[in-house]
Amino acid sequence: MAEDNLKTALVFGATGLTGGFVTELLEQDSRYREVILFTRKPVSTNAAKTRQITFNPDNIQAFAQQIKGDHLFCCIGTTIKKAGSKKVFFETDHDLVVDIAQAAASNHVRSFVLVSSIGANPDSRNFYLRTKGQVEESLKKLTFPNLIILRPSMLLGVRREYRIFEEWGKTAAKIISPLLTGKLKKYRPVHAAAVAETMISSAFSGNGMHILESDQIENTRK
């Protein structure tokens, strides 16, 4: 790719499972001139084209003018248990994501790529899935030329923090995956590396709003 066409990538949630894979792939991707990581605390990286911006999630407006680039990859996500309450969870998985997206849209970021969740629905009885559905609806109202929403099922991969019940779930999911066919195929677990690959390839996919379910993620890997 010609030097003038090289892209700048912005990553939120780089310390998470999927965000870590996204960052690693971006650092190796010759289509990107620069990779900017927005983190609460500095992270270790030796990539020459990567720089970091430490930000306060409670005051995105102070950093809004720095949320500039071509493709933004939003891998922000927590759990109600880790957040400590539904209120804090909503502030992270909804309010923070929307604040970032609003700043990005104002700065004419072309592609906004979000990791959501299978089953996301703004009308769901499940608080987690309802929050994910609500953030999707909020993003659809913004003016991104290219909006990509990924809805992966259970993510495979090694997290920095060990979640015993999640590991048991992964084991069970692997066993029943062969039984999940047809309309149920989207509930098969998917590796976080596959999600990361799809996020990056979809950032170059053109114009429009696209929602990719878990089974579609495997089909769109570069």
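The values are calculated or read from the model by the stated rules, or taken from the named source; none is laboratory data. Keep in mind the model is a prediction, meaning the values are calculated, not measured. Quick reminder, even Gly has a Cβ in these numbers, built from the backbone with ideal geometry, and neighbours come from all protein chains shown.
Here are some notes:
Residue-wise test of (1) touching a His at 6+ places or on another chain (Cβ under 7 Å); (2) among the polar types (S, T, N, Q); (3) closer than 21 Å to Thr143 by Cβ.
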| site | (1), (2), (3) |
| --- | --- |
| Ser30 | no, yes, no |
| Val43 | no, no, no |
| Ala48 | no, no, no |
| Asp70 | no, no, yes |
| Lys81 | no, no, no |
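To keep it simple, each residue is scored yes or no on (1) basic (Lys, Arg); (2) at pLDDT below 95; (3) within 20 Å of Ile211 (Cβ to Cβ).
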| residue | (1), (2), (3) |
| --- | --- |
| Gly77 | no, yes, yes |
| Arg110 | yes, no, yes |
| Val115 | no, no, yes |
| Ala120 | no, no, yes |
| Ser124 | no, no, yes |
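- Selection within the range 51-73 - over 18 Å from the mean Cα position of the chain (by Cα) and either under 15 Å from Leu6 (Cβ atoms) or charged (D, E, K, R) (or both): Arg51, Asp58
- Residue among Ala103, Ala9, Ala14 that is in contact with a Ser or Thr (Cβ under 6 Å, 6 or more places away or on another chain), hydrophobic (A, V, I, L, M, F, W, C) and surrounded by 13 or more Cβ atoms within 10 Å (Cβ to Cβ): Ala14
- Restricting attention to the range 61-83 and to residues that are in contact (Cβ under 8 Å) with a residue 12 or more places away in the chain and aliphatic (A, V, I, L, M), the residue that is surrounded by the most Cβ atoms within 10 Å (Cβ to Cβ) turns out to be Leu72.
- Within this structure, Leu37 passes the test of being crowded, with 19+ Cβ neighbours inside 10 Å and modelled with pLDDT of 95 or more.
- Among the residues of the range 1-34, those that are aliphatic (A, V, I, L, M) and outside any helix (DSSP H, G or I) comprise Met1, Ala2, Leu6, Ala9, Leu10, Val11, Ala14.
- Residue satisfying all of: in the range 40-60; out of contact with any helix residue (DSSP H, G or I) (no Cβ under 8 Å at 6 or more places or on another chain) and polar (S, T, N, Q); surrounded by the fewest Cβ atoms within 10 Å (Cβ to Cβ) among these: Ser44
- Pairs linking a residue in the range 207-222 that is in a loop (DSSP other than H, G, I, E, B) to a residue that is at pLDDT below 90 and of a type in the set (S, T, N, Q), with Cβ atoms under 9 Å and 6 or more positions apart or on different chains, are Thr220/Ser205.
- Yes/no for Ile80 being of a type in the set (A, V, I, L, M, F, W, C) and under 15 Å from the mean Cα position of the chain (by Cα): no
- Taken over the range 25-34, the criterion of being free of Cβ contacts under 8 Å to residues at least 24 places away in the same chain and either touching a helix residue (DSSP H, G or I) at 6+ places or on another chain (Cβ under 6 Å) or crowded, with 16+ Cβ neighbours inside 10 Å (or both) is satisfied by Glu27 alone.
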